[in-house]
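The values are calculated or read from the model by the stated rules, or taken from the named source; none is laboratory data. No experiment lies behind these values; they were computed from the predicted model shown. Cβ atoms come from the backbone with ideal geometry, glycine included; neighbour counts cover every protein chain shown. Heavy atoms of the whole protein, side chains included, go into the accessibility calculation; ligands, DNA and RNA do not. Shrake-Rupley method; radii C 1.70, N 1.55, O 1.52, S 1.80 Å.
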Amino acid sequence: MKTIGIIGGMSWESTALYYQALNRGVKTKLGRSHSAKIAMISMNFQEIEDLQVAGKWDEAAAVLADAGVKLRTAGADFIVIATNTMHIVAPEVEKASGLPVLHIADATGAEIGAAGFKKVGLLGTAFTMEKDFYKGRLAEKFGLDVLVPEAQGRSIVHQIIYEELCKGVVRDSSRDAYLKIIDQLAGAGAEAIILGCTEIGMLVKPEHCSLPVLDTTLIHAEAAATLAVSKSDQLKC
């Protein structure tokens with residue numbers, strides 16, 4: 001079994017979900033008392049958030065790249081960055097560590113393709129919804145048409161992530177706000193919704209939503225568990 005290297009803590013709320021999903025995934029695949037082999041570096045999210053807000057992406061890349069190097073030293077065979085937004089620095093992590101990064105957008109894109117969706121809505125941080133590292137990758141590699149909320153909706157989604165979900169706060173009123181935005185995306189033609197922040201699955205469940213939802217935390221963890229027990233070293237999503 002391969003050792004999964006996790007760069008977590010962004011936030012630790014979703015990293016805890018990753019840990020559970022990875023171990024359950026390996027147990028499901030191998031049975032008996034099997035669990036995932038994991039090495040993890042957990043960030044202080046406040047430090048990362050401060051760099052995000054300041055637009056200091058080069059400094060953030062250096063921090064995560066250093067974590068990637070440490071994971072290689074710890075025996076990791078590949079890296080999972082346990083957050084959507086910080087995949088903006090995935091190339092730097094991969095280059096510095098010399099380890100492959102299992103990209104969350106690739107795992108998600110493969111899941112969308114398997115389901116047959118062509119036009120999807122994306123919820124996430126403002127960085128994920130507005131920058132091209134995520135939407136562009138889905139469009140270029142998987143031929144997807146990715147819709148995001150209008151400006152006010154993006155602000156609401158972003159604020160709830162940072163002020164509530166990253167702190168473990170789940171409010172019915174915030175779920176109602178998200179569902180209203182999801183309905184607007186459905187009206188614009190979205191066939192499914194990407195929960196493109198690893199904390200959103202704490203708030204929005206499939207039973208809440210009028211459209212199919214793609215929980216990137218669970219999708220990413222499943223792809224990692226599959227790779228961990230595979231005999232292949234190729235990152236196939």
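For Gly201, indicate whether it is assigned to a helix (DSSP H, G or I), in contact with a strand residue (DSSP E or B) (Cβ under 8 Å, 6 or more places away or on another chain) and either in contact (Cβ under 8 Å) with a residue 60 or more places away in the chain or open to solvent by 10 Å² or more (accessible area, probe 1.4 Å) (or both). Write out each step before concluding.
Values: assigned to a helix (DSSP H, G or I): yes; in contact with a strand residue (DSSP E or B) (Cβ under 8 Å, 6 or more places away or on another chain): yes; either in contact (Cβ under 8 Å) with a residue 60 or more places away in the chain or open to solvent by 10 Å² or more (accessible area, probe 1.4 Å) (or both): yes.
Against the criterion (assigned to a helix (DSSP H, G or I), in contact with a strand residue (DSSP E or B) (Cβ under 8 Å, 6 or more places away or on another chain) and either in contact (Cβ under 8 Å) with a residue 60 or more places away in the chain or open to solvent by 10 Å² or more (accessible area, probe 1.4 Å) (or both)), Gly201 qualifies.
Identify all residues within the stretch 10-38 that are touching a residue at least 60 places away in the same chain (Cβ under 8 Å) and outside any helix (DSSP H, G or I); write none if there are none.
Met10, Ser11, Ala36, Lys37
For the stretch 155-171, check the following and say yes or no: at least one residue is touching a strand residue (DSSP E or B) at 6+ places or on another chain (Cβ under 7 Å) and either surrounded by fewer than 17 Cβ atoms within 10 Å (Cβ to Cβ) or not charged (D, E, K, R) (or both).
Yes; the residues of the stretch 155-171 include at least one that is touching a strand residue (DSSP E or B) at 6+ places or on another chain (Cβ under 7 Å) and either surrounded by fewer than 17 Cβ atoms within 10 Å (Cβ to Cβ) or not charged (D, E, K, R) (or both).
Exactly one condition in (1) more than 18 Å from the chain's Cα centre (by Cα); (2) buried (at least 24 other Cβ atoms within 10 Å of the Cβ); (3) assigned to a helix (DSSP H, G or I) is not met by Ala76; state its number.
Of the numbered conditions (1) more than 18 Å from the chain's Cα centre (by Cα); (2) buried (at least 24 other Cβ atoms within 10 Å of the Cβ); (3) assigned to a helix (DSSP H, G or I), the odd one out for Ala76 is (3).
For every residue, the table says whether it meets (1) loosely packed, with under 15 Cβ neighbours inside 10 Å; (2) at pLDDT below 95; (3) aromatic (Phe, Trp, Tyr).
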| position | (1), (2), (3) |
| --- | --- |
| Ile6 | no, no, no |
| Trp12 | no, no, yes |
| Ala16 | yes, no, no |
| Tyr19 | no, no, yes |
| Leu30 | no, no, no |
| Ile38 | no, no, no |
| Leu51 | no, no, no |
| Gly55 | yes, no, no |
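Among (1) of a type outside the set (Asp, Glu); (2) in a helix (DSSP H, G or I); (3) closer than 14 Å to Glu111 by Cβ; (4) open to solvent by less than 30 Å² (accessible area, probe 1.4 Å), where does Leu218 come up short?
(4)
From the list Arg175, Arg171, exactly one residue is modelled with pLDDT of 95 or more, in contact with a His (Cβ under 7 Å, 6 or more places away or on another chain) and of a type in the set (Lys, Arg). Which is it? Spell out how you get there, then give the answer.
On the way: Arg171 fails: in contact with a His (Cβ under 7 Å, 6 or more places away or on another chain).
Unique residue meeting the criteria: Arg175.
With the condition kept exactly as written, say whether any residue in the stretch 98-107 is farther than 14 Å from Asn84 by Cα, among the hydrophobic types (A, V, I, L, M, F, W, C), in contact (Cβ under 8 Å) with a residue 60 or more places away in the chain and part of a loop (DSSP other than H, G, I, E, B).
Yes, because at least one residue in the stretch 98-107 is farther than 14 Å from Asn84 by Cα, among the hydrophobic types (A, V, I, L, M, F, W, C), in contact (Cβ under 8 Å) with a residue 60 or more places away in the chain and part of a loop (DSSP other than H, G, I, E, B).
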